[in-house]
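> After the structure tokens below, expect a handful of questions from me.
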Amino acid sequence: MDLALREAHEALARGDWPVGSVLVRDGAILATGQNRQNTERDVTWHAEFDALRRVMRERGVEALAGATVYSTMEPCPMCAGAMKLAGIARLVLGTRHATLHRTDLGTYSVETFGALTGYDLALTELVSGERHAFLVDVGTEAGASVLAGVPQTPAGAATIDRARSDVAEASQHMGRSMPAAGLRELMAGSHDADRWDEVASRCLTCGNCTLACPTCFCTTVEDVTDLTGDHAERWQHWASCFDLDFSYLHGGPVRASANSRYRQWLTHKLGTWHDQFGSSGCVGCGRCIVWCPVGIDITEEVAALQAEAQGKQAQDAETPGGAP
């Protein structure tokens, strides 16, 4: 922290905000950083970013996994997010925004950020020959309570390094992608797209994608009584929007076609999920692609819908008077 304070003093003397940062891993200093917002005329050039950038540029992002950040000031949401993505394991603070009575960040703290974006338990799969194990990172007290109830072995430094390295390497092999913005609008404007018929011709409506998806949560309710009528139970079961009975109302299902059921799943996952939870329902894991028996790829379907929408926009632009 003394070194971080010296970095902060240099930043202040230069005319920047007095914030310094030091990155340490396995007892060795990886990099130091200073706030350079004013001198670089860059609002993102915070001390933590400065140190992170130096390490990533010189050693690669995998060198950050498991490191400790010493910062004279509590990291802002931007820096906290970058540290989370980089796999920073520990943060040591000099002071907090609340201590300085800052009002521009509201009730923000790194703890509230962690609660918003974090986890109870995060598992990293480790497979070596016939050995199958998981490295468990504990994010909350509730997660620690769950972990305490199962057999476990403390992870050594080599195991932790391997897990972080495996995750970093896997991230470099993500060959698929979807648009980072505009999916909600795309889904809302594609209700009558021709692509729904094309994908429905391949979809078996088996529901594998909903069973494998970590964010699908639909259920159904079943009431059961005994023959005497003296005892009744209500059971909640997992359900899928691909089931024909899922949208059943008196007289029949609302979504009887494969077209309508696939459209319901995709437009909810990528579109109206934003209205419910403020973000996309897709976490990018690829499970729906892996477990689809006919190989339907959600990223291909989104790309096709986007291409169709752009084609219609171009056609409308060429039509005198615009769209009919």
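> Find how many whole Å separate the alpha carbon centroid of the stretch 209-227 from the alpha carbon centroid of the stretch 139-169.
31 Å
> Of all beta bridges DSSP finds with both residues in the chain, what is the antiparallel percent, to the nearest 5? Display every interim value, and only then the final one.
Details: 27 of 31 bridges.
That works out to approximately 85 percent antiparallel.
> According to a simple spin-label model (label point 7 Å from Cα along Cα-to-Cβ), what is the distance in nm between ARG54 and CYS218?
Distance between label points: 5.3 nm.
> With +1 on the Cβ of every Lys and Arg and -1 on the Cβ of every Asp and Glu, and nothing else charged, how large is the dipole of the stretch 36-194 about its Cα centre, in debye rounded to the nearest 20?
500 debye
> Using a/c under 1.5 as the rounded threshold, could you call the stretch 213-258 rounded, prolate or oblate? The axes a ≥ b ≥ c are square roots of the C-alpha gyration tensor eigenvalues, and prolate needs a/b larger than b/c, oblate otherwise.
Taking the square roots of the gyration eigenvalues as a ≥ b ≥ c, the stretch 213-258 is oblate.
> Give the accessible area for PHE277 in Å² (nearest 10); use a 1.4 Å probe, count only protein heavy atoms, and leave out ligands, DNA and RNA.
110 Å²
> Hey, another quick one. At 7 Å along the Cα-to-beta-carbon direction for both ALA170 and ALA148, put a label point, then send me their distance in nm to one decimal.
2.9 nm
> I need the shape label for the stretch 30-129. Rule: rounded when a/c is under 1.5, else prolate if a/b > b/c, else oblate, with a, b, c from the alpha carbon gyration tensor.
It is oblate, given that a/c is not under 1.5 and a/b is not larger than b/c.
> Another question, if that's okay. Out of (i) 34, 24, 19; (ii) 44, 29, 20; (iii) 42, 28, 17, which label holds the value of semi-axes √(5λ) of the Cα gyration tensor in Å that was computed here?
(ii)
> Okay, next question. Carbon-plus-sulfur fraction of the accessible area of the chain, 1.4 Å probe, in percent?
54 percent
> Now a separate question. Taking 7 Å along the Cα-to-C-beta vector as the label spot, tell me the THR68-ALA28 distance in nanometres, rounded to one decimal.
Those two pseudo-labels are separated by 1.6 nm.
> Sort out for me the Cα centre separation of the stretch 33-95 from the stretch 274-306, rounded to whole Å.
32 Å
> Then there is this: At 1.4 Å probe radius, can you tell me the per residue accessible area of the stretch 107-182 in Å²? Intermediate values should be presented prior to the final figure.
Numbers: 5550 Å² over 76 residues.
That works out to 73 Å² per residue.
> Next question. Find the relative contact order for the stretch 196-324 and round it to a whole percent, using C-alpha pairs within less than 8 Å whose residues are 6+ positions apart.
In percent, rounded to a whole number, it is 25.
> Still on this structure, I have one more. Before anything else, pin down the relative contact order of the chain: Cα pairs under 8 Å, at least 6 apart, normalised by residue count, whole percent.
That works out to 10 percent.
> Among all cysteines in the chain, which have no other cysteine Cβ under 4.7 Å from their own Cβ?
Within the chain, the cysteines lacking a partner Cβ under 4.7 Å are CYS76, CYS79, CYS203, CYS206, CYS218, CYS241, CYS282, CYS285, CYS292.
> Quote the relative contact order of the stretch 190-263 in percent (integer), defining contacts as alpha-carbon pairs under 8 Å separated by 6+ residues.
Normalised by residue count, the contact order of the stretch 190-263 is 35 percent.
> Using per-residue counts of other Cβ atoms within 10 Å, averaged over each peptide, order 43-53, 292-302, 230-240 from highest down.
43-53, 292-302, 230-240
> Note the full-extension length gain between ALA122 and ALA13 as 0.36 nm times their separation in residues minus their Cα-Cα distance, in nm to one decimal.
Working it through step by step, the gained length comes to 35.0 nm.
> First select every other residue whose beta carbon is under 15 angstrom from the beta carbon of GLY252; then total the charges, Lys and Arg +1, Asp and Glu -1.
Once all neighbours under 15 Å are counted, the net charge is 0.
> Sticking with this structure for a sec: What does the helix-only formula give at 222 nm for the chain: each DSSP H stretch with n ≥ 4 adding -39500 (n - 2.57), the total divided by the residues, and the result rounded to the nearest 500 deg cm²/dmol?
The per-residue figure over the chain is -11000 deg cm²/dmol.
> While we're looking at this one, here's another question. Below 14 angstrom from the Cβ of ARG36, what's the summed charge of the other residues (Lys, Arg +1; Asp, Glu -1)?
-3
> Okay, moving on. Note down the net charge around LEU147, summing +1 for each Lys or Arg and -1 for each Asp or Glu among other residues with Cβ under 12 Å from its Cβ.
Working: positive: none; negative: ASP120, ASP137, GLU141.
Charge balance near LEU147 sits at -3.
The values are calculated or read from the model by the stated rules, or taken from the named source; none is laboratory data. Remember, it's a predicted structure, so these values are computed and weren't measured experimentally. Neighbour counts run over all protein chains shown; Cβ positions are idealised from the backbone, glycine included. The accessibility values were calculated without ligands, DNA or RNA, using every heavy atom of the protein model including side chains. Shrake-Rupley method; radii C 1.70, N 1.55, O 1.52, S 1.80 Å.
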